[in-house]
Every structure is written in C-alpha cells, then in structure tokens.
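Student: Dropping a structure here in structure tokens format, bear with me for questions.
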Amino acid sequence: MANSPGLPNSPGLASAPGLANGPAANGVGASGAAPSSLTVTGVDAGYGSVRALEGVSLAVSPGQTVALLGTNGNGKSTLMKCIMGMLRPSAGAIQAEIDGKTHDLVGRTTEEIVDLGISLVPEGRRLFPKLTVEENLLLGAFRRSARSAIEQNLDSCYSTFPVLRERRRQLAGSMSGGEQQMLALGRALMSCPRILLVDEPSVGLAPILVSRTIDKIQELKEKFRLTVLMAEQNFNQAVRIADCGYVIVHGRIAFEGTSAEELNNNELVRKFYLGL
Ligand SMILES: Nc1ncnc2c1ncn2[C@@H]1O[C@H](COP(=O)(O)OP(=O)(O)OP(=O)(O)O)[C@@H](O)[C@H]1O
Ligand SMILES: [Mg+2]
C-alpha cells in the first residue's frame, strides 16, 4: 500500500478502544451500548490522476462483520483510508452511527474519527519494531476518552491476548508474524473502538495463523460488541466469519452478498474473484 499511514499518524495508533472504558466513554465492550454502524455512499477517490474508487457504496450494519473482498490493487486499502480520514474522497459520503448519533466522516481528521470510536488495524500491521510490546499498546491509547483508563484497558488487552502479557517487554520487531498481528489488534483495541476496521489481517501469515487471527477477530467482535469491516484477499477465511460481504474489482463494487452462503455460491464471485 503505497500511501499507508505511518504509525505515528495511523488511525490504529490514534485510536485505542478503552477496553474498560464503558459505553459512556465509548469503551469497548460497553455493556448496554448498542453496536454502531457504518455507511459508505457513492464514494469516488484516487491519487492524482489514478482513480482508485468509483461510486463505492456499502453498509456495515450494527454488530455485523462485513468482508471487503478483492485481490491486489482493487481499492480495499483506499477505502479504509477514506473511512479513517487519511484520504479525502472526491465524491460521496461516509457516515457512522454511534450511540444513536449520525456522524459525517468526510472532512474530519483521523484523530477526530478515532475519537468518535473508529479504529483501524492497518495493512502490514505498522508496529514500531524498536519499541516494546507494551509501548506499542500504549501508543494505541491515544483517544481522549481512552486515556483515563489506560491501566484497565491494558489489563483487558492482556487478558484477551495472554501472549502479549508474557511478551510485554519484548521488542515488537522480534515477535513472530502471528504475535505481531495480535499486537496490532490489541493496539487498535486500546482506543475503545466501536467500529473496527481491519485491513488484510492474513497478509504474511502461515495458514494456521491466518485461521487463528480470523477466529480472534470474531471473538473480539463478540466480546467487545464491535462492528467490523474487514478487507481480505483470503476469500475462504474471510467468509468463515463474515455475515455478508462485498467484492471490489477495479475500484467498483462488483458484487454484494447478503450472506456468506450467497458469496460462496455466487457465479460472479467465482469468476471475478476466485478466477474459476
Ligand atoms: N499512494 C498512492 N499513489 C498512487 N496510487 C496509489 C497509491 N496508493 C494506492 N494506489 C493505487 O490505487 C489502487 C488501489 O490500491 P489499494 O492499495 O487501495 O488496493 P488494495 O486492494 O488495498 O491492494 P492490496 O491487496 O495489494 O493491498 C491501485 O491501483 C494502486 O496502485
Ligand atoms: Mg491493501
């Protein structure tokens, strides 16, 4: 991803779900807080003369896991960047509904978007390799409402990912790929998100770790009552946990499947996406 967010500016960083922060503070797992939703309508975006997204519309309903499926260079990360305020669409709208309030995201800064309760686990994880596991996690607790509950959030993060507690003093760059992916997920949770965006969690992982990572995303969604949009190339793994999904081809939504079954059985998906 040529334009990927550096860590210091990354949404994942600016955002840490206050795991223990409670609904009032938009905390992750906020008991009683209704899950949030995300709507993208007619978004066009690009880089100079390169048009990367054309008329993209999708909906992530409250509490759903939605898969954004597409092979290399089709616009998945570009859409993630637009949602996080890292790239401004040239047309269209992006709205999040959180705690009954609708927020227009276009025109807001990444920090504001994180503060609303939206967090990104960026493609390639974007950890600080020379900082420890714990230091990386703390960088995720940047969100205003998460700062006051850092200790509880860290604790909650360590109980969700016991391996991170064991390795808290280890340099992030010396962790295995699977452990680094857990760290990237943990860091995103440190800002208490209500909507979690995950960009290609399977990249660079062995098949068994891909499977564990995908299972973990599902577990996090349930535990913290998140709404999840996950970009993936790994169709079979993504549809295991997706409630529904979209296939993106050359920057346009080529197919919308309202259930995993529909995605699995659709001829267009097989042709466009799986090349069958
Ligand atoms: N910073 C950039 N400058 C110019 N073009 C870019 C930039 N970032 C992405 N693109 C182009 O935009 C298009 C969509 O790229 P994007 O990274 O969104 O795809 P993707 O689906 O995330 O791919 P991948 O699976 O490889 O991560 C591609 O044609 C890509 O070359
Ligand atoms: Mg990408």
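Student: Here is a check on your reading of the model: is Gly70 within 25 Å of Leu127 (Cβ to Cβ), surrounded by fewer than 24 Cβ atoms within 10 Å (Cβ to Cβ) and modelled with pLDDT under 95? Walk me through how you get there before you give the answer.
Tutor: Details: within 25 Å of Leu127 (Cβ to Cβ): yes; surrounded by fewer than 24 Cβ atoms within 10 Å (Cβ to Cβ): no; modelled with pLDDT under 95: yes.
No; evaluated as a whole, the condition is false for this residue.
Student: Still on this structure, I have one more. Residues that are in contact with a helix residue (DSSP H, G or I) (Cβ under 7 Å, 6 or more places away or on another chain) and under 24 Å from Arg165 (Cβ atoms): list the helices (runs of 4 or more DSSP H) wholly contained in segment 182-276 that include at least 2 such residues. Walk me through it before giving the result.
Tutor: Details: elements: 207-224, 235-241, 260-265.
Per the criteria, 207-224.
Student: Same structure again: Taking interchain pairs and intrachain pairs at least six residues apart, which have beta carbon atoms under 6 angstrom, with the first residue in segment 59-87 and of a type in the set (D, E, K, R) and the second within 10 Å of ligand 1 (Cβ to nearest atom) and at pLDDT 95 or above?
Tutor: As it stands, the answer is Lys76/Leu68; Lys76/Ala231; Lys81/Leu87, since those pairs meet every condition given.
Student: Starting from residues that are more than 16 Å from ligand 1 (Cβ to nearest atom) and under 15 Å from Glu179 (Cβ atoms), keep the ones in segment 109-134 and report whichever is surrounded by the most Cβ atoms within 10 Å (Cβ to Cβ).
Tutor: Selected residue: Val133.
Student: For residues that are surrounded by 24 or more Cβ atoms within 10 Å (Cβ to Cβ) and more than 16 Å from the chain's Cα centre (by Cα), scanning just segment 212-250, find the one that is farthest from ligand 1 (Cβ to nearest atom).
Tutor: That would be Val247.
Student: Being touching a Phe, Trp or Tyr at 6+ places or on another chain (Cβ under 8 Å) and closer than 20 Å to Leu205 by Cα is the requirement here; does Leu164 meet it? Quick ask: steps written out before the conclusion?
Tutor: Details: touching a Phe, Trp or Tyr at 6+ places or on another chain (Cβ under 8 Å): yes; closer than 20 Å to Leu205 by Cα: yes.
The answer is yes for Leu164.
Student: For segment 73-86, which positions are buried (at least 24 other Cβ atoms within 10 Å of the Cβ) and hydrophobic (A, V, I, L, M, F, W, C)?
Tutor: Leu79, Met80, Cys82, Ile83, Met84
Student: Among the residues of segment 226-233, are any in contact with a Pro (Cβ under 7 Å, 6 or more places away or on another chain), farther than 18 Å from Val114 by Cα and of a type in the set (Gly, Ala, Ser)?
Tutor: No, every residue in segment 226-233 fails to be in contact with a Pro (Cβ under 7 Å, 6 or more places away or on another chain), farther than 18 Å from Val114 by Cα and of a type in the set (Gly, Ala, Ser).
Student: Can you tell me which of Ser119, Ser148, Ser159, Ser174 is closer than 25 Å to Val60 by Cβ and among the hydroxyl-bearing types (Ser, Thr, Tyr)? Lay out the reasoning, then the answer.
Tutor: Values: Ser148 fails: closer than 25 Å to Val60 by Cβ; Ser159 fails: closer than 25 Å to Val60 by Cβ; Ser174 fails: closer than 25 Å to Val60 by Cβ.
Being closer than 25 Å to Val60 by Cβ and among the hydroxyl-bearing types (Ser, Thr, Tyr) holds for just one of Ser119, Ser148, Ser159, Ser174, which is Ser119.
Student: Within segment 91-110, is there a residue that is in a helix (DSSP H, G or I) and at pLDDT below 95? Even if it seems obvious, please write down each step before you answer.
Tutor: Here is the first cut: in segment 91-110, the ones in a helix (DSSP H, G or I) are 110.
Next cut, at pLDDT below 95 only: 110.
The answer is yes, given that some residue of segment 91-110 is in a helix (DSSP H, G or I) and at pLDDT below 95.
Student: Just one of Arg187, Arg194 is under 23 Å from Gly245 (Cβ atoms), among the charged types (D, E, K, R) and either within 16 Å of ligand 1 (Cβ to nearest atom) or crowded, with 20+ Cβ neighbours inside 10 Å (or both); which is it?
Tutor: Values: Arg187 fails: under 23 Å from Gly245 (Cβ atoms).
From the options Arg187, Arg194, the qualifying one is Arg194.
The values are calculated or read from the model by the stated rules, or taken from the named source; none is laboratory data. Quick caveat: nothing in here was measured; it's all calculated off a predicted structure. With ideal geometry, Cβ positions are generated from the backbone for all residues, glycine too; neighbour counts draw on all protein chains shown.
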